[in-house]
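Asker: Submitted below is the structure of interest, expressed as structure tokens.
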Amino acid sequence: MKGFTIYDMPISERPRERLRAVGEESLSATELLNILLGRGSAGESVMVLSQKLLQKFGTIKNIGNASLEELCVIKGIGFAKACQLKAAFELGKRSEQITINKNSYLVDVPEKAVAILSPYLKNKKKEHIFLLLVDTRKKLIQKTLV
């Protein structure tokens, strides 16, 4: 069962064209996944694949937090597509991380350490230990995952 494909839609309603016309903020989660995945698999359109992902995981956030193995359970999501998804979500996470000028960032109170580490620890399923190295003036030298 191939299902309804993007090529069955009027050109102006296809996800890429809608992104150009109305911006990414106006697209549905399914449309954004359609663009990210690019194409479906043998027997299923990208639209069906995107809907399956949302049905299985419920939210975009849950898709981003899923492991490669969990993503590959879905028929039509192989290792390559699962890697595409994981890479896209990781880029999104990294884009929100604080850029630290190590020569001037002062870590003089615990709240500043939390501010540095919270983007890295958000949505983690297991414990992570970070080491913040500071000089005698409490300036950040290095942040390291132990």
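The values are calculated or read from the model by the stated rules, or taken from the named source; none is laboratory data. Everything numeric in this text was worked out from a predicted model, so none of it was measured. These area figures cover heavy atoms from the full protein model, side chains too; ligands, DNA and RNA do not enter into them. Shrake-Rupley method; radii C 1.70, N 1.55, O 1.52, S 1.80 Å.
Asker: Suppose we keep only residues that are among the polar types (S, T, N, Q) and within 30 Å of Glu70 (Cα to Cα) within the range 83-111. Which one would you say is modelled with the lowest pLDDT? Talk me through it step by step, then tell me what you get.
Answerer: Restricting attention to the range 83-111, the residues satisfying the condition of being among the polar types (S, T, N, Q) are 84, 95, 97, 99, 101, 103-104.
Checking which are within 30 Å of Glu70 (Cα to Cα) leaves us with 84, 95, 97.
Working: Gln84: 95, Ser95: 77, Gln97: 64.
Only one residue tops the list, namely Gln97.
Asker: Would you pick out the residues in the range 19-35 that are open to solvent by less than 30 Å² (accessible area, probe 1.4 Å) and not in a helix (DSSP H, G or I)?
Answerer: Gly23, Leu27
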